[in-house]
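Data first, discussion second: the structure below is written as structure tokens.
The values are calculated or read from the model by the stated rules, or taken from the named source; none is laboratory data. As the structure is a prediction and not an experimental result, all values here were calculated from the model. Here the Cβ is made from the backbone with ideal geometry for all residues, glycine too, and neighbour counts use every protein chain on show.
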Ligand code: MN
């Protein structure tokens with residue numbers, strides 16, 4: 001096991017200004033915390049964090065990252081706490097260690113996660129600092145190096161996860177060394193036979209070619225030295241996994257591979273790279289079409305190098321990469337090669353140092369863009385923060401399906417994201433095995449299990465808990481369905497009672513037959529219309545039993561302009577108008593319909609963008625405060641309906657047209673909105689005047705009054721009002737209900 005002073009030496013070799021006190025403290029703390037814990041190999045547990053730290057010193061990372069590596073398993077595996085680490089090492093290190101703890105917990109969930117790409121995003125969401133990812137990759141590398149000590153049944157899963165998630169992640173962070181080693185270690189576990197075969201062949205090849213490789217290295221070095229160039233030439237062997245992949249991709253055998261060996265020439269300056277290229281191209285013939293200059297045009301991940309292939313000293317094809325030492329470092333270490341951190345690689349020799357911070361920043365930014373694959377997040381990056389997916393949370397179903405939600409989402413949003421039926425039948429939930437309230441905010445990596453009951457319908461209040469449009473729209477649709485059923489039950493009740501009084505019998509069959517007459521689709525449609533007053537029970541009975549005498553006929557009083565329910569026009573109506581009330585009588589149905597089409601494009605409604613035309617349903621009825629839905633009509637825009645509007649029935653099957661909208665009206669808004677109420681009042685002198693007076697006192701405008709029925713004892717009328725909002729309307733309705741002469745006040749919708 002590496003000694004304390006050895007670790008310190010490794011760090012101070014490339015970073016003389018490293019905080020030795022910090023490193024010593026972390027070493028001692030982690031060693032004490034892990035105490036007598038053992039690894040599967042039988043080694044003391046502490047050897048693991050120490051090796052992880054060693055891997056990171058090879059990458060020449062800053063002292064904070066090395067300290068985090070030493071501490072990375074303490075919160076999860078010992079009695080250490082975040083608070084304790086904060087106190088001893090500062091909040092920055094505490095936060096990084098906690099990030100690693102979260103990822104470690106995630107490993108348990110990842111067994112089930114099949115979508116590697118999403119899992120990688122999840123990882124990024126949790127690791128909000130590049131250093132967390134660097135330590136995690138080093139941690140995984142050491143675990144892969146010691147995988148043989150793990151029980152056999154666990155090896156496959158760990159290797160698979162490494163191949164699918166961690167190796168590509170290292171690759172995208174530009175860390176080619178890390179990627180290749182992770183791939184090879186996984187390959188050895190996942191395809192043991194193929195690995196063995198290729199390794200054996202490589203060993204043979206290496207023995208056969210050992211002399212040749214040395215010869216090429218020497219000849220190249222000498223030729224360059226003759227021309228005054230100090231260059232290092234090194235032969236490289238392709239790794240087994242790269243060979244395996246190339247054989248698979250090109251469907252060729254081992255013997256047909258021509259590029260198992262490559263040579264790399266490293267020099268001090270960019271200028272030297274081109275001089276080396278000139279010398280080599282003059283000395284040996286080149287293979288056409290194999291020259292690439294990634295120095296003048298770097299790859300997207302900042303990779304720089306000159307590639308060329310020559311027919312070499314022994315008449316063999318020789319692949320060459322020519323680059324500077326700092327380019328080499330970037331190519332091998334990627335993101336880790338950059339001095340990103342304020343207390344970072346300040347004293348390094350031969351290190352690519354960016355005194356210009358913005359270059360490192362730019363590099364990181366581009367890398368993150370690559371990591372995010374095609375998303376174009378802007379302004380998300382602050383220093384070393386990975387804030388890419390901070391507006392999302394990633395959760396799992398018990399079967400391991402990954403569900404991405406906006407941050408602050410609740411289990412209700414989760415349920416609807418899984419399936420609308422799951423949402424509609426949700427009654428409770430478990431998060432990570434614990435029953436929690438449905439208002440609970442979900443966090444990254446949560447496993448969410450929805451408890452369902454077929455008897456459930458979503459309570460309207462959920463609309464305020466859910467934050468996704470999908471969930472809210474579904475809750476409204478479902479609420480509407482419930483309201484519809486209530487109307488249906490009410491209509492049935494009203495009709496049955498009326499039939500009883502008329503001594504006629506109720507038959508669903510007969511009802512179905514007469515529905516067509518009222519342009520209804522069936523019995524329930526007809527009953528629903530009766531329920532919300534669109535049809536009268538008397539008219540339906542008349543249709544069912546043509547000989548039936550309408551009991552209303554004797555009592556009806558007809559009002560000017562009345563066109564409702566087939567009442568005749570031409571009779572007068574007497575009542576007085578109190579001062580202060582705005583009352584307009586005797587409007588014809590046609591007139592009021594023209595005005596009923598309120599064009600309120602000036603009105604702000606949340607959930608729509610500014611380019612969409614907003615209309616209100618012709619029947620009106622939606623006032624601010626009402627729960628509303630928008631229905632999209634291509635080329636016409638969006639029409640707003642109150643949730644209880646019967647007109648919405650026509651759109652029930654077209655759920656894609658339903659739009660999640662909300663009022664967005666200023667508190668001091670002075671616009672008025674039309675609403676309609678039906679009043680039953682006792683027929684005494686002055687009762688109508690009293691009604692008008694109440695409305696006037698409450699500052700409501702009466703736009704229109706229609707008398708529906710009038711008997712010696714009561715009258716029933718429709719009043720069209722203009723109000724500011726739902727609160728205003730409800731206040732008027734309540735004040736009216738308080739009047740002793742008023743027996744009922746009901747709001748009419750659509
Ligand atoms: Mn570990």
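Considering the stretch 213-323, the qualifying strands (runs of 3 or more DSSP E), each wholly inside and each with 2 or more residues that are in contact (Cβ under 8 Å) with a residue 24 or more places away in the chain and closer than 30 Å to residue 194 by Cα, run over 232-237, 261-267.
In the stretch 122-144, what count of residues is obtained for those that are part of a helix (DSSP H, G or I), modelled with pLDDT of 60 or more and more than 12 Å from the ligand (Cβ to nearest atom)?
As a first pass, look at the stretch 122-144 and keep what is part of a helix (DSSP H, G or I): 122-126, 130-144.
Still in the list and also modelled with pLDDT of 60 or more: 122-124, 130-144.
This time we only want the ones that are more than 12 Å from the ligand (Cβ to nearest atom), so: 122-124, 130-134.
Looking only at that region, the number is 8.
One line per residue, one yes/no per condition, for (1) modelled with pLDDT of 90 or more; (2) closer than 25 Å to residue 276 by Cα; (3) in contact with a strand residue (DSSP E or B) (Cβ under 9 Å, 6 or more places away or on another chain); (4) more than 16 Å from the ligand (Cβ to nearest atom):
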| position | (1), (2), (3), (4) |
| --- | --- |
| 162 | no, no, no, no |
| 193 | yes, no, no, yes |
| 214 | no, yes, yes, yes |
| 222 | yes, yes, no, yes |
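Do we find that residue 104 is within 13 Å of the ligand (Cβ to nearest atom), within 30 Å of residue 330 (Cβ to Cβ) and assigned to a helix (DSSP H, G or I) in this structure?
Criteria met by residue 104.
Only a single item in (1) out of contact with any helix residue (DSSP H, G or I) (no Cβ under 8 Å at 6 or more places or on another chain); (2) part of a helix (DSSP H, G or I); (3) more than 20 Å from residue 316 (Cα to Cα) is not met by residue 199, and it is number (1).
Filtering the stretch 65-79 to residues that are more than 19 Å from residue 19 (Cα to Cα) and either within 11 Å of the ligand (Cβ to nearest atom) or crowded, with 21+ Cβ neighbours inside 10 Å (or both) leaves 73, 74, 75, 76, 77. Residue 239 meets each of the listed conditions (1) surrounded by fewer than 19 Cβ atoms within 10 Å (Cβ to Cβ); (2) farther than 20 Å from residue 147 by Cβ; (3) under 47 Å from the mean Cα position of the chain (by Cα) apart from (2). Only a single criterion out of (1) buried (at least 20 other Cβ atoms within 10 Å of the Cβ); (2) in a helix (DSSP H, G or I); (3) within 43 Å of the chain's Cα centre (by Cα) is not satisfied by residue 530, namely (3).
Please indicate, with yes or no, whether at least one residue in the stretch 86-95 is within 14 Å of the ligand (Cβ to nearest atom) and part of a helix (DSSP H, G or I). Talk me through it step by step, then tell me what you get.
From the stretch 86-95, those within 14 Å of the ligand (Cβ to nearest atom) are none; that's our starting set.
Within the stretch 86-95, none of the residues are within 14 Å of the ligand (Cβ to nearest atom) and part of a helix (DSSP H, G or I).
Can you say whether residue 52 is within 15 Å of the ligand (Cβ to nearest atom), in a helix (DSSP H, G or I) and either touching a residue at least 40 places away in the same chain (Cβ under 8 Å) or under 21 Å from residue 133 (Cα atoms) (or both), as far as the supplied structure shows? The answer is yes for residue 52.
Can you tell me which residues in the stretch 706-750 are assigned to a strand (DSSP E or B) and without any contact (Cβ under 8 Å) to a residue 60 or more places away in the chain?
So the first thing to find is which residues in the stretch 706-750 are assigned to a strand (DSSP E or B), and the list is 706-710, 714-723, 742-748.
Within the stretch 706-750, 714, 716, 717, 719, 721, 722 meet the criteria.
Somewhere in the stretch 10-26, is a residue buried (at least 19 other Cβ atoms within 10 Å of the Cβ), within 16 Å of the ligand (Cβ to nearest atom) and in the same structural domain as residue 103 (by TED's automatic domain parsing)? Checked the stretch 10-26: at least one residue is buried (at least 19 other Cβ atoms within 10 Å of the Cβ), within 16 Å of the ligand (Cβ to nearest atom) and in the same structural domain as residue 103 (by TED's automatic domain parsing). Annotation note: Cβ proximity below 6 Å between a residue of the stretch 69-83 that is over 22 Å from residue 59 (Cβ atoms) and outside any loop (DSSP other than H, G, I, E, B) and a residue that is at pLDDT below 95 and away from the ligand (no atom under 16 Å from the Cβ) (sequence gap 6+ or interchain) occurs for 82/94. Does at least one position in the stretch 56-64 carry a residue that is within 13 Å of the ligand (Cβ to nearest atom), surrounded by 20 or more Cβ atoms within 10 Å (Cβ to Cβ) and touching a residue at least 60 places away in the same chain (Cβ under 8 Å)? For the stretch 56-64, residues within 13 Å of the ligand (Cβ to nearest atom), surrounded by 20 or more Cβ atoms within 10 Å (Cβ to Cβ) and touching a residue at least 60 places away in the same chain (Cβ under 8 Å): present.
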